[in-house]
Every structure is written in structure tokens, then in C-alpha cells.
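The values are calculated or read from the model by the stated rules, or taken from the named source; none is laboratory data. Note that the structure is predicted; figures quoted are calculated from it, not measured. Don't worry about glycine lacking a Cβ; one is built from the backbone with ideal geometry, like all the others, and counts go over all protein chains shown.
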Amino acid sequence: MKRFLWSLALASTWVMAAPAPTDFALRLPIEVPARTSLVAITLPADVYRVAQRGDLGDVRIVDAAGEAVPMAFVPPPRPPAERRAERALVPLPAARAEAGDPAVAVSAHSGGASVRVQIAGAPPADAGPAMAYLIDTAGFDETIDALELQWAGAPEFEAALRVRASDDLSDWQSATPRAVVLAAGAGAARIEHRRVRLPGVHRRYLRLEWLGAAPALTLTGVTLVHAATAAGPARAWIDLSGERDGDALRYVSPGLFPVEAASLVPAGPSDVLAATLWSRPQPSRRWTWRGSVLAYRLQQDGAPVESEAAHVIRTRDPLWRVQLRQGMPNGALPTLRLGWTPEQVVFVARGAGPFSLLAGNASAAPVWQPVGQVVPGFGTARAATIGAGRPGHASDTVTAAPRARSDWDDPAHWLLWGVLVLGVGALGWMARSLLRELSSGEGADRR
């Protein structure tokens, strides 16, 4: 019994010992500015590929002696809220749009300028839907990053349009050469795409023009959108191939990336997909809803047009499930594209350099600290100055940590079975020992 206790104590000491830098799957050198105590770095993609803990607890920064230094995640800046403004649309009848631009006049009054469309002669009653619309953006001082179109009823259509911009209604410049809007289905299967992205346009007037035949609908209004973005690292993307899993599609990410955006890329040249996305950290956990996406790849006048990514609830889960509203495709499967923004880490350059970034050891205990304990006065005007560091590159090819696809691939699954078997064995051993003691006691009583 004493030997067993000593063995258990030695094993506990071995488990609690801090792992050495050589025990990690990845080690990257860090360039640190001279005479800088606080250094911030951006985590490279290889860190997420080899990480084995969902909280990145197996990531740390060490000095030349291998001692972990204080470090913390830098909270991402909050993106400014969208600014939105409703505007009216001035339709240009199809008959006049084909013959040429109508006479457009600008009249001034005490409240500012206004647009007046003058059409020589009355348009015929069957002029058809408008081929173009004018928008007066007066009073909207921010750049315009998107337009959200409004229409009445529940029409079904698919059409392309372009957007041009001008300050004087005579010199027009292209803002968006081609954008797709569509609406189809009904009820829960209704799909609508109303947003037209613009490259930060700041012009007094916008002109929307249908490419090809105008759809059988009337636009009733438009919303100007200024979608300001926060400064920080650029978003990165990774494409995943899927597998059929019953009535859904299954995807496995090679890393614990902090995913915040997703899209589906149809396999064919022309397709529209509406789906819900789910994820989980390991096969033994339940699926968590992450968001819905509307994805399309269409051909407009011989040119491909693809949808943009949708925002999803942020997660590091490597296992993804896609539920298509239209049912399973018969041919090739769509690609799942995940977007993530690399995280920033600040650390104290304590001890002697060089400093190294370590990752990839499931037994390593987390060493993260709150950012306020690492950076005095963080988030205030008196915050300490932080220098910019840069991680180097791995000397060898980085192999991603294996990700369990099913319960049988999950180490935790086998660990639970092992514990269960050991528990049953221990109970059997205890029962057998008890029976022996009882038998020995009965024999002694008889004697």
C-alpha cells in the first residue's frame, strides 16, 4: 500500500511539472523592439493549427530560460455601429431610359437643392417597370458602403444592376459595375438578398440601373448604409471540403481559428443556397447554432457573381454542420469558407531574450492573465505604451493537430470507456476481496 501511495505521489509530481519548450509542437522566435517592456504580437495561423485547447491554454511566450512571461489577449476594438438613413427613389420609366437620359434638373431653395426629373412628353401607360432610379444623398455625410433596396409585396425575381455616382448629374462614375439582388420562395423557405455593396462612395447623387431586362417589381425606397470597420488585422479565410452526414453536410477545420464569418461556395456555376450553420468543439458535445447564410453563384451577362460572407457567432469550434434548406445536393458539395481575424497578444518582455512563442501541448496549463494586469491602465488615457513585435516563421513544416470527426476518433471517448472499465474492475476486485474475508471469517468461527 505504501508503494502504491509513493507511486501516486511521484506520478502527480510528474503531471504537475511545467512542460519544457521542447514539449510543444510549435516554437516561433519573436522579434522584440529594443528598450520595450510591453510587446504586442499578432498570432500567426500556425498557432491555431497546432493548438489543442479551445481556450488556447497551450499557448505561451517564454524567455531564453524557458520561463513563461505574463501575457494577455488584447480585446478586439468594438466596431462602430452602422449609420443608416432612408431615402426616396426617383424612377426613370423604361421607355425614356431606352431613348436616353431624361432631362434632370437641380433646383435650389432655402432648404437646399432637390432633384426634379423632367420628361419631354407624357410616358405611355404601358411604359413598363423603371429601368433606372436616382437617389439624392443630401444630408448623409458619411461614406456609403451599401444600399438596401426596398420593394412591395413578395415578388420572385433574380436580377443584376449597376450603380453610378455623380456630384452634378452629368459626369457619372462607376461605383459598382455589377451586383445581384434576388427574392424567391415563401414562408420559412423565403430567400431575399437586398443589399448592394459600394466601395465607400461619397457623392451627392447615385443612379441605379438594371442590367438586362428590368424585373417585374417597383422599388419603393432605399436605405443608405455606412458600415464603419474597426482598425486591426485583416480578416483571413480558409476553405473546407465537406462530407455527407445524413441529411446534412459535415466539415472539419484544421485549426481552432476564432471564426466570425462564413459563406458557402456552390460547386456549380449557377446556384443559390440557403443554409443554417452549426458547430461543436468535439464529437461528444451538442451542436450549437451559429447563424444562417444565403449563398449564390450566378452568371450575369457571362460574368460570375458571388455572394458575400455572413456574420456568425464567434467560435473556435473545429467541427461544422451545414443544414441546407433545399435539401441535399446530388452532385458535388459546396465549399464552406470560414473567416477569422487573427488575435493580438501583449506580453511583458521580462527576463533575457530571445523570446519564443510556444503552442501545441494538451497537458499544458493556461498562463493567460487579464489584460489589465499585464498592461497598467489599459483602456484609459494613462495606459502604458505597447511596442509592436513580430513572430518569425517555423523552421519545419507545421502539421495541424488531429481533429476528431466522430466519437470513435475522440480521445475523450476512449478515456471515458477506460475509466468505466477500470471502475468495474475495481468494484469486482473489492467484491472478491470482501467475499474472501467473509469466507475466512466463517471458517474461523467453525473451528
Pairs with Cβ under 8 Å, 6+ apart, first in region 305-317 and outside the structural domain of residue 276 (by TED's automatic domain parsing) and charged (D, E, K, R), second in a loop (DSSP other than H, G, I, E, B) and surrounded by 13 or more Cβ atoms within 10 Å (Cβ to Cβ): none
Unique residue being among the hydroxyl-bearing types (Ser, Thr, Tyr), loosely packed, with under 14 Cβ neighbours inside 10 Å and either closer than 30 Å to residue 389 by Cα or free of Cβ contacts under 8 Å to residues at least 12 places away in the same chain (or both) when the list is 174, 170: 170
Every residue from region 138-159 that is in contact with a His (Cβ under 8 Å, 6 or more places away or on another chain) and not aromatic (Phe, Trp, Tyr): 142, 143, 144, 145
Any hit, region 171-181, residues being in a loop (DSSP other than H, G, I, E, B) and among the polar types (S, T, N, Q): no
Residue 395 vs. criteria modelled with pLDDT under 90 and hydroxyl-bearing (Ser, Thr, Tyr): yes
Single residue of 45, 72, 85, 51 found to be hydrophobic (A, V, I, L, M, F, W, C), in contact (Cβ under 8 Å) with a residue 40 or more places away in the chain, under 26 Å from residue 362 (Cα atoms) and surrounded by fewer than 17 Cβ atoms within 10 Å (Cβ to Cβ): 45
Residues (within 18 Å of residue 315 (Cα to Cα) and surrounded by fewer than 15 Cβ atoms within 10 Å (Cβ to Cβ)) located in region 262-304: 284, 285, 286, 288, 289, 292
Region 206-261, residues that are within 14 Å of the chain's Cα centre (by Cα) and not in a loop (DSSP other than H, G, I, E, B): 236, 237, 238, 239, 240, 259, 260, 261
